[in-house]
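S.K.: Questions regarding the structure given below will be posed in turn.
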Amino acid sequence: MNKRIALIVLALLLCASLSVFGAEKKSKTIPWMASYNQAGQLNGYLSAGIDGWGVAASAGAEIIIGEFDIGGVPLSWGVMGRGLIGLPLFYGYAGIDYGAAGLATLHWGVDFGASTKFDVYAGLGAGVMGNYWTPFAIAFSQFAGVSWFLNDNLTLIVEDGYFNGFGYLSGWLSYWGVGVQVKL
């Protein structure tokens, strides 16, 4: 068990050492478009808000795999693991809403000046979810949001998430939250 933890810590340190914080790649054709992520960069997410039935919180981590350009627009992509837990306070039933997913992500940045730098991100994937009506289901999932840079390593985020279960015990969870993204 200790070897497994040591390998995970070593992998996270390697990913963090590959990242170069604050490096911005500007578009050569459209001056206000930029990419704020580099291959190997590790991002952490934490947000709180509401789901369809009450209050909820979400946390996750993402590693940026690569960068590419489409028509001079710099984009970056990666993989993310996200979790969601909610307390259904609005409808008076007992239980906990939950969701967990692995997602492929895409980032697109804009730079309108010193204090107006934004990164738009979206992720699609699969995971599991459960709520009062659906105790467990395999689910399609998505998370998307906008990050506003406070400095090179810290952003405020506004995001949404959605889990849609498949099969006989299908159900859904939706989430809207505000929080922070940190470059680790």
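S.K.: Mind checking which residues of segment 40-92 are over 21 Å from residue 163 (Cα atoms), in a strand (DSSP E or B) and more than 13 Å from the chain's Cα centre (by Cα)?
M.R.: The answer is 65, 66, 67, 68, 69, 70, 73, 74, 75, 76.
S.K.: Restricting the search to segment 31-54, which residues are at pLDDT 95 or above, buried (at least 16 other Cβ atoms within 10 Å of the Cβ) and aliphatic (A, V, I, L, M)?
M.R.: 42 - this is the single residue of segment 31-54 that is at pLDDT 95 or above, buried (at least 16 other Cβ atoms within 10 Å of the Cβ) and aliphatic (A, V, I, L, M).
S.K.: Answer with yes or no whether residue 81 is free of Cβ contacts under 8 Å to residues at least 24 places away in the same chain and at positive phi. Before you say what the answer is, go through the steps one by one.
M.R.: On the way: free of Cβ contacts under 8 Å to residues at least 24 places away in the same chain: yes; at positive phi: no.
Considered against the rule, which asks whether it is free of Cβ contacts under 8 Å to residues at least 24 places away in the same chain and at positive phi, residue 81 comes out as no.
S.K.: Further question on the same structure: Can you tell me which residue within segment 150-184, out of those that are among the hydroxyl-bearing types (Ser, Thr, Tyr) and part of a strand (DSSP E or B), is farthest from the chain's Cα centre (by Cα)? Spell out the reasoning first.
M.R.: Within segment 150-184, the subset among the hydroxyl-bearing types (Ser, Thr, Tyr) is 155, 162, 168, 170, 174-175.
Those left that are additionally part of a strand (DSSP E or B): 155, 162, 174-175.
Numbers: 155: 12, 162: 12, 174: 14, 175: 12 Å.
Among them, the one singled out is 174.
S.K.: Quick one: would you say residue 51 is farther than 22 Å from residue 182 by Cα and of a type in the set (D, E, K, R)?
M.R.: Values: farther than 22 Å from residue 182 by Cα: yes; of a type in the set (D, E, K, R): yes.
Yes, satisfied.
S.K.: Can you spot a residue in segment 137-157 that is of a type in the set (Ser, Thr, Tyr) and surrounded by fewer than 15 Cβ atoms within 10 Å (Cβ to Cβ)?
M.R.: no
S.K.: On to the next question. Name the pairs whose Cβ atoms lie under 8 Å apart, with the first residue in segment 54-71 and more than 17 Å from residue 122 (Cβ to Cβ), the second of a type in the set (Val, Ile, Thr) and not in a strand (DSSP E or B), and 6 or more positions between them or separate chains?
M.R.: Here the result reads 71/29, each pair linking segment 54-71 to a residue that is of a type in the set (Val, Ile, Thr) and not in a strand (DSSP E or B).
The values are calculated or read from the model by the stated rules, or taken from the named source; none is laboratory data. Worth saying up front: this structure is predicted, and the values here are computed from it rather than measured. FYI the Cβ positions are ideal-geometry reconstructions off the backbone, even for glycines, and counts take in every protein chain you see.
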